[in-house]
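Values in this text are rule-based calculations from the coordinates and carry no lab data. Here the structure is a predicted model, which means the values were calculated and not measured. Backbone-built Cβ (ideal geometry, glycine too); neighbour counts: all protein chains shown.
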Amino acid sequence: MAISPTDEKDTSSGNVDVQAGISDNADQLQRRLDNRQIQLIAIGGSIGTALFVSIGTGLMQGGPGSLFIAYSLYACLLGTVNNCMAEMATLHPVSGGFIRMAGKWVDEALGFMVGWNFFLYEALLIPYEITALNLVLTFWRDDIPAAAVCAACIVLYGLLNVLAVRAYGEAEFWLSGGKVILIFILFFFTLFTMAGANPQHDAYGFRYWSNPGSFAEYRSTGSLGRWEGFLAALWSASFTVVGPEYIAMVAAEAKRPSKFIKTAFKTVYWRFGMFFMLGALCVGIVIPYNDPTLLRILGSGGSGSGTAAASPYVIAMNNLGVKGLPHLTNALMLTSIFSAGNTYTYCATRNLYGLALEGRAPKFLRHCTKNGVPVFCFAVVMIFPFLSFLSLGSSSGEVLTWLVNLITAGGIIDYITMCITYLFFYYGCKAQGVDRRSFPYTGWGQPYCGWIGLCGMTLVVFTYGYSSFKPWSVQNFFIYYTMVILAPVLFFGWKLIHRTKVLNPRTIDLVWERPIVEAYESTFTKPPVGFWTELLHLFTFRKKQKDGPEH
């Protein structure tokens, strides 16, 4: 793509700080996401139902000690994957993210496999969140028509994603802000109530770690039962703790990607520690793993009034007699769940678009509106939310359970692919004499982080459904391992049909779309605006400076 020099464009308002005539991307997507939007998407875009509701299952099966250790261990493991993805995505913020990188640097068949795996993973998460939304609404009353809630969510997701990407970014900025507020409310609730600041004046501290205990027995008794409880908590963590894939997907529509995407990836590390690890600790403090309400709802598939109290925090508030706060928590939880579904709709759409760009999906899906929205990809994605109507025929809890089990393995497969792709990228840089220190972000401890992430995630995905073997259950086996079975079928099927080959690191294309990104970033004539400065401008209603090429 030829890049011709242009003169700086000036206007009477003096608020244009870039040059005109330079393309944002090699495709039709447009870089419209501001720094504040990217950072809030990075912080809250992947936090949804699991951290507030589904985490209770891990507590019930593993106990507070197993839950905290499992979440800490898995967060550290995923941190190694994030370290890999950060280096690649800041250098190559391309449409489709890691799914196109896998085909570009490893094997076209791998790109095809992970692309469709990630698409199914994201698309199936949309009905999961809508089903969870219905579950949480039962906190107030049972007679809210579930079909109407499903339909309303589908319409709202459609409206927010069919508009320009800026509309999605703005919606996620405010919705993710609500998640952050909710998390801190729950943290302070834990701190104050454990110290005795509750209606019962009960300074319970870490009481539940000793009675009923730190480690629960699950499926078996004794040491084996406690080990199986830890494994159950680890599977809970593998569904809850996510992050790098979402930043990689928004990179193609981010302004100043080398700067803003780099910062977003860096926030993942402290988000893992603050939100997921500390969240797992708090859950184990506020409620015992054998709480009768928790056992009735999660252990026995209970339903009806108060089902939304499957959130351990809401159960704890009711146990302590805290008034008002459960309603606020539940309301903010609704915005959090809705936000997660919105993010999955966006990512599934962009993922399908990335597949189409590489010829791994029908060509007509490449069409975008003038605002840079892949409209046909969006139309395909909007079919999946209708699966949420399945919850009308059975309990919402059952639908949530099988969706979680079906989906989780797909997410881990994505992380495995990221590590494989990075190792090819790393050894390609080494073989071609490319100095990685010149990149916008250089991953630490490489290639060891790549290998640790690859081995660790592979071990997790293959032992994920061990419970289906004891006792043997065909139904459970396919629920747990459908995605694991589908992955090699997709990989070898594409490989046999198209005769693809594993690429040689010495010859892979490390330049790719980098010249286009550099040409775009060179058009900025003003320094980037910091996150807190953007927030100050927003809340003081100061006129926003334009921060991107004119179209």
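Here are the numbers for this structure:
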| quantity | calculated |
| --- | --- |
| Relative packing of peptides 120-131, 225-236 - highest average C-beta neighbours within 10 Å first | 120-131, 225-236 |
| Value at 222 nm in deg cm²/dmol, rounded to 500, when DSSP H runs of n ≥ 4 in the chain each add -39,500 (n - 2.57) | -20000 deg cm²/dmol |
| Principal axis box of the chain, alpha-carbon based, largest edge first, Å | 70, 57, 44 |
| Cα coordinate range in the range 228-360, projected on the principal axes (Å, largest first) | 52, 36, 30 |
| Between the range 167-238 and the range 68-109, the Cα center-to-center distance that results, in Å | 27 Å |
| Against the rule of thumb 2.2 N^0.38 Å, how large the Cα Rg of the range 224-298 comes out | 1.52 |
| Burial order of peptide ranges 142-151, 354-363 (average beta-carbon count within 10 Å, highest first) | 354-363, 142-151 |
| Relative compactness, the range 35-194, computed as alpha-carbon Rg over 2.2 N^0.38 Å | 1.23 |
| Rounded tilt (10° steps) of 108-137 against the dominant C-alpha axis of the chain | 40 degrees |
| Compactness relative to 2.2 N^0.38 Å, alpha carbon Rg of the range 47-120 | 1.46 |
| The range 460-527-the range 406-445 distance, computed between alpha-carbon centres (Å) | 12 Å |
| Whole-Hz ³J(HN,Hα) from phi, Karplus 6.51 cos²θ - 1.76 cosθ + 1.60, for the range 354-369, glycine and proline x | x, 5, 5, 4, 9, x, 9, 8, x, 4, 5, 6, 6, 5, 10, 6 |
| The range 406-485: radius of gyration and largest Cα-Cα distance (Dmax), Å | 16.9, 54 |
| Reduced Cα scattering model of the range 344-383, Debye log10 I(q)/I(0), q = 0.15 Å⁻¹ | -0.27 |
| Angle in degrees between helix 222-240 and the longest Cα principal axis of the chain, rounded to the nearest 10 | 40 degrees |
| Placed amide H near Asn198: partners under 5 Å, 5+ positions off or other chain | none |
| Long-range HN-HN contacts of Ala216 with modeled amide H, under 5 Å | Gly63, Ser66 |
| Between helix 165-194 and the chain: long-axis angle, C-alpha atoms, 0 to 90°, nearest 10 | 30 degrees |
| Entries of Lys104/Lys255; Lys262/Lys501; Lys179/Lys262; Lys262/Lys370; Lys259/Lys495 with Cα pairs more than 26 Å apart | Lys262/Lys501; Lys262/Lys370; Lys259/Lys495 |
